[in-house]
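S.K.: Sharing a structure here in structure tokens format.
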Amino acid sequence: MDAEPTCLTNAVCVEIFCGKGGLSKRLRAKQFQVISVDHLAPKGIPVLRIDISKKSQRDVLEQLLALDTILYVHFAPPCGTASAARNIKPGPPPLRSTIFPMGLPGLNFAQQTRV
């Protein structure tokens, strides 16, 4: 049985690792329903706080993404470990790269856990 297409007025956009919520704010300004997801909640936007390092919370995210009303999902790289600002000296060391998205070789345990 084929599912009926979602009416755009009921469609939902999801921004995962929303950070400060720039994309979420723009989508809301265009009248889209938006669910912003991150482990922290910045001021100014509602955020579904989920820590994907915990299985029970990953399950919640997977259930959300399985909804028929989802129109668009945006996955941004997690800012704390993938930010280009980590390449600015002095500052925290880079943890990922385009060649090593799952973590640079030689990371210590705490860095690898964060990645």
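Just so it is clear, none of the values below were taken in a lab; they were calculated from the coordinates. Just so it is clear, the model here is predicted, and its values are computed rather than measured. With ideal geometry, Cβ positions are generated from the backbone for all residues, glycine too; neighbour counts draw on all protein chains shown.
S.K.: Report whether or not Val34 is closer than 14 Å to Leu71 by Cα and crowded, with 16+ Cβ neighbours inside 10 Å.
M.R.: Spelling it out, Val34 is indeed closer than 14 Å to Leu71 by Cα and crowded, with 16+ Cβ neighbours inside 10 Å.
S.K.: Leu61 versus (1) over 12 Å from the mean Cα position of the chain (by Cα); (2) more than 19 Å from Asn10 (Cβ to Cβ); (3) outside any loop (DSSP other than H, G, I, E, B): which is the lone unmet condition?
M.R.: (1)
S.K.: I'm trying to understand the selection: among the residues of region 63-81, which are within 18 Å of Ile50 (Cα to Cα) and either free of Cβ contacts under 8 Å to residues at least 24 places away in the same chain or not β-branched (Val, Ile, Thr) (or both)?
M.R.: Once the filter is applied, which keeps residues that are within 18 Å of Ile50 (Cα to Cα) and either free of Cβ contacts under 8 Å to residues at least 24 places away in the same chain or not β-branched (Val, Ile, Thr) (or both), region 63-81 yields Gln63, Leu64, Leu65, Ala66, Leu67, His74, Phe75, Ala76, Pro77, Pro78, Cys79, Gly80.
S.K.: Please determine whether any residue of region 36-46 is free of Cβ contacts under 8 Å to residues at least 24 places away in the same chain and either of a type in the set (Asp, Glu) or touching a Ser or Thr at 6+ places or on another chain (Cβ under 6 Å) (or both).
M.R.: Checking region 36-46: at least one residue is free of Cβ contacts under 8 Å to residues at least 24 places away in the same chain and either of a type in the set (Asp, Glu) or touching a Ser or Thr at 6+ places or on another chain (Cβ under 6 Å) (or both).
S.K.: Still on this structure: Sort through Pro90, Pro94 and tell me the only one that's touching a helix residue (DSSP H, G or I) at 6+ places or on another chain (Cβ under 7 Å) and in a loop (DSSP other than H, G, I, E, B).
M.R.: From the options Pro90, Pro94, the qualifying one is Pro94.
S.K.: Only residues that are in a loop (DSSP other than H, G, I, E, B) and either touching a residue at least 60 places away in the same chain (Cβ under 8 Å) or closer than 21 Å to Ser53 by Cβ (or both): list them for region 98-115, please.
M.R.: Within region 98-115, Phe100, Pro101, Met102, Gly103, Leu104, Leu107, Asn108, Val115 qualify.
S.K.: Can you say whether Val14 is touching a Leu at 6+ places or on another chain (Cβ under 8 Å), under 16 Å from Gly80 (Cβ atoms) and not in a helix (DSSP H, G or I), as far as the supplied structure shows?
M.R.: Working: touching a Leu at 6+ places or on another chain (Cβ under 8 Å): yes; under 16 Å from Gly80 (Cβ atoms): no; not in a helix (DSSP H, G or I): yes.
When the stated conditions are applied, Val14 does not pass them.
S.K.: For region 63-91, name all the residues that are more than 30 Å from Phe32 (Cα to Cα) and either touching a Ser or Thr at 6+ places or on another chain (Cβ under 7 Å) or surrounded by 13 or more Cβ atoms within 10 Å (Cβ to Cβ) (or both).
M.R.: Answer for region 63-91, where residues must be more than 30 Å from Phe32 (Cα to Cα) and either touching a Ser or Thr at 6+ places or on another chain (Cβ under 7 Å) or surrounded by 13 or more Cβ atoms within 10 Å (Cβ to Cβ) (or both): just Arg86.
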